[in-house]
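K.L.:
Quick one: this structure, given as structure tokens, is what I'll be asking you about.
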Amino acid sequence: MKPPLTDLPIKTADSGFYGGFSVNVTVVSKIIISILVVWCIFWPTQAGNVLGTWNAAILNNFASWYIWVVAFFVIVCLGLALWPTAGRLNLGQAGEKPEFSNFSWFSMMFGAGIGVGMLTWAVAEPIAHFKNNPAVIQGTTTALDANNVREAYVWSFLHWGLGAWACYAVAGLALAFFSYRRGLPLTIRSAMTPLFGKALSGTLGHIIDIVAVVATILGVAQTLGFGVEQFVAGLTRIGIGGLAMEDGSATTVGIVVALLVIMGASTLSALSGVGKGIKWLSNINMVLSILLLGFFIIFGATFFGATAFFVGIWDYLTSLPWLSFNVYRSDGVDGSEAFKLAQWQGWWPVFYWAWWIAFAPFVGLFLARISRGRTIREFVLGAMIVPSLMCFVWFAWAGGTAVDLELNGAANGVILDAANGDKIFAMTEFMLSPISQALAWGMAVMIVVLLMTFLVTSADSAVLIVNTINAAGDEGPKARPHILFWGAALALVVGGLLISGGTSAIQTAMVIGALPFSFVMVLMCLGLIKAIFNDGRREALGVPTTHSEIGAATPAE
């Protein structure tokens, strides 16, 4: 049996403006994103209508695909961790040690992966499901009643648990395995070398990387869109007026101000690289997160949150097999139970699975970058189990405090009626203002600072990742003009989509952009499984399997 492929040449420009970059991937990606920006800003109504039509078609025809493919990713990740041959493999060369400490590793994973979403959805989602979920639609529980709390947490944990992190882990595992064990470029196409070989050096590989870049921009735009709305809500809470409308949504001025602050800071951080700006920002926001979470655990609904955490995990794990594969089918009758269930699933699970898939090339490549030297088993435990538990803690105590305040009537709709991005501010103000207005204001400031560090971490990581893909996997310093372009492009995508249709427009574009990449991720899984299986056979025959062992040999796999 021959050694694996360890050389995948990707043509890059030797000099000039695109020196070091794959012109095919970079230019086409820029053209696609630029067309989207121009379309949304100058023809917002038409863009909103067309994107809405495409989104409806995808939800009607691919809802089951999104549900089942994420279940497949969970099975693949857990299977690889439990598979003895795979679990012990080092995502690097033999004996290589991790670059980052466990604390920095977890901090960067959490900050880049889901950190921004925690501040919006840890409070907003349990409350939303407390008000409505499939059990309420079917009449087995009652909206806003104690008998609906457990259902609210089952769905909250489903959306932010193993499925979410499996999407990231699949991409990260594949990239780290082929880049750091095989010595292939740190880019999406490398994960499919067991399936397509050196054909990935050409047009096929370019298309795969372009799909990954577009999905990344749209996935991060979704996160930043929610973040911008919440950032504006926070600035309004601390006394900066003129940025939000009466319903709490950001004005055009608010969107522009927020994007200038966030993307300006993230671009500066991206210029400093992973080891400096991103690492320190991640550590800062992890510390602030612990302080904020500690506040909810100690001064919030402590026992209610503990119950929600432990009972919620039990309910989630026992329901997971059914939840992972169940698809609600609409009967086409507007207002019927089947129609409402299918509609709800499109609004929540399908949207989330598309979001995580669109986010996967960004977070996956970033996880690969910071996980070199760890074993596959260690990677899966670190990238799936630990972050899932962290999300559950947030939902249990931050969201549990909100649910408890509304359930016992103390909040009287103050949290429930606030905009999603404003719910955490409404809750902390309700809790602290009777004690001290200054204390409530100080908490709002801390949340705004934490939100900004999360947003900056996500945005600057995305810019570096996009440039890594465009540079054929080169992790080295990137040309400043390209960092500046993608920072500006990301800001314009978010701004253009928000102006043309709010966060729903970003959601629509993201669901569309995630679909082609979901097929790429399935191929990444198949390529990884085939490579590990073949490496087990090679080891039994004494055939080298890593780049350092193979040396200059480059036969096809």
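K.L.:
Taking H placed 1.01 Å from N in the peptide plane, check which residues at least 5 places from T375 or on another chain put their amide H under 5 Å from its amide H.
P.N.:
L91
K.L.:
Determine the per residue accessible area of the range 56-175 with all protein chains present and a 1.4 angstrom probe, expressed in square angstrom.
P.N.:
31
K.L.:
Out of residues 5 or more away from R182 or on other chains, whose amide H comes under 5 Å of its own, with H placed 1.01 Å from N in the peptide plane?
P.N.:
Under 5 Å from the amide H of R182 lie the amide H atoms of H547, each far enough along the sequence or on another chain.
K.L.:
Within the range 427-557, what whole-number % of the accessible surface is contributed by carbon and sulfur, with the 1.4 Å probe and all protein chains included in the calculation?
P.N.:
Carbon and sulfur: 68 percent of the exposed surface of the range 427-557.
K.L.:
Ranked from the most accessible area to the least, with a 1.4 Å probe and all protein chains present, what is the order of E96, E549?
P.N.:
The most accessible residue leads, giving E549, E96.
K.L.:
Does the range 1-157 come out rounded, prolate or oblate by the C-alpha gyration tensor, with a ≥ b ≥ c the root eigenvalues, rounded set by a/c under 1.5 and, if not, prolate when a/b is larger than b/c and oblate if not?
P.N.:
oblate
K.L.:
Something else: Taking only C-alpha pairs under 8 Å that are 6+ residues apart, what is the relative contact order of the chain in percent?
P.N.:
Result for the chain is 36 percent.
K.L.:
About its Cα centre, how strong a charge dipole does the chain have in debye, to the nearest 20, once Lys and Arg get +1 and Asp and Glu get -1 at the Cβ?
P.N.:
The calculated dipole for the chain is roughly 1520 debye.
K.L.:
Continuing with this model, one more query. Less than 11 Å Cβ to Cβ from G248, Lys/Arg counted +1 and Asp/Glu -1: what total charge do the surrounding residues give? Walk me through the intermediate numbers first.
P.N.:
On the way: positive: R237, K423; negative: E229, E246, D247, D417, D422.
Here the count lands on -3.
K.L.:
Mind checking the alpha-carbon convex hull of the range 333-477 and giving the volume per residue in Å³? Walk me through the numbers on the way to the answer.
P.N.:
Values: hull volume 27.0 nm³, N = 145.
So the per-residue Cα hull volume is 186 Å³.
K.L.:
Let me ask another. Quickly work out the A338-to-V50 label distance, labels modelled 7 Å from Cα along the C-beta direction, and quote it in nm with one decimal.
P.N.:
Reported label-point gap for V50 and A338 is 3.4 nm.
K.L.:
Give me the Kirkwood hydrodynamic radius of the chain, using the inverse of the mean 1/r over all pairs of distinct Cα atoms, in Å to one decimal.
P.N.:
With all distinct Cα pairs of the chain included, I get 23.8 Å.
K.L.:
Taking θ as phi - 60°, what are the ³J(HN,Hα) couplings along the range 362-378 by the Karplus curve (6.51, -1.76, 1.60), each to the nearest whole Hz, with x for Gly and Pro?
P.N.:
3J(HN,Hα) across the range 362-378, in whole Hz: 5, 5, x, 5, 5, 4, 4, 4, 9, 10, 4, x, 9, 7, 4, 4, 5.
K.L.:
Please report the carbon-and-sulfur percent of the accessible area for the range 302-384; probe 1.4 Å, protein heavy atoms only, DNA, RNA and ligands left out.
P.N.:
Of the solvent-accessible surface of the range 302-384, carbon and sulfur hold 66 percent.
K.L.:
If you add up the charges near W348, with Lys and Arg at +1 and Asp and Glu at -1, over every other residue whose beta carbon is less than 15 angstrom from its beta carbon, what do you get?
P.N.:
Working: positive: K131, K340; negative: E125, E151.
Counting the neighbours of W348, the net charge comes to 0.
K.L.:
From the phi angles alone, apply the Karplus equation (6.51, -1.76, 1.60; θ = phi - 60°) to the range 154-166 and give each ³J(HN,Hα) in whole Hz, x where the residue is Gly or Pro.
P.N.:
Karplus values, whole Hz, x for Gly and Pro: 4, 6, 4, 5, 4, 6, 10, x, 4, x, 4, 6, 5.
K.L.:
Measure out, as a whole number of angstrom, how far apart the alpha-carbon centroids of the range 463-502 and the range 319-394 sit.
P.N.:
Using only Cα atoms to place each centre, the spacing works out to 25 Å.
K.L.:
Right, here's the next one. Using the Cα gyration tensor of the range 348-407, with a ≥ b ≥ c the square roots of its eigenvalues, what is the shape: rounded (a/c below 1.5), prolate (a/b larger than b/c) or oblate (neither)?
P.N.:
oblate
K.L.:
Counting only residues 5 or more places away or on other chains, whose amide H sits under 5 Å from the amide H of A244 once H atoms are built in the peptide plane?
P.N.:
HN-HN under 5 Å from A244: T251.
K.L.:
Per residue, how large is the accessible surface of the range 351-473? Use a 1.4 angstrom probe and give square angstrom.
P.N.:
Solvent-accessible surface per residue comes out at 25 Å².
K.L.:
Can you classify the range 109-257 as rounded, prolate or oblate using the Cα gyration tensor, where a ≥ b ≥ c are the square roots of its eigenvalues, rounded means a/c under 1.5, and otherwise it's prolate if a/b beats b/c and oblate if not?
P.N.:
Because a/c hits 1.5 or more and a/b fails to exceed b/c, the range 109-257 counts as oblate.
The values are calculated or read from the model by the stated rules, or taken from the named source; none is laboratory data. Worth saying up front: this structure is predicted, and the values here are computed from it rather than measured. Note: ideal-geometry Cβ built from the backbone for every residue, glycine included; neighbour counts use all protein chains shown. The protein model used for the area step is the full one, side chains on, heavy atoms only, and it has no ligands, DNA or RNA in it. Shrake-Rupley method; radii C 1.70, N 1.55, O 1.52, S 1.80 Å.
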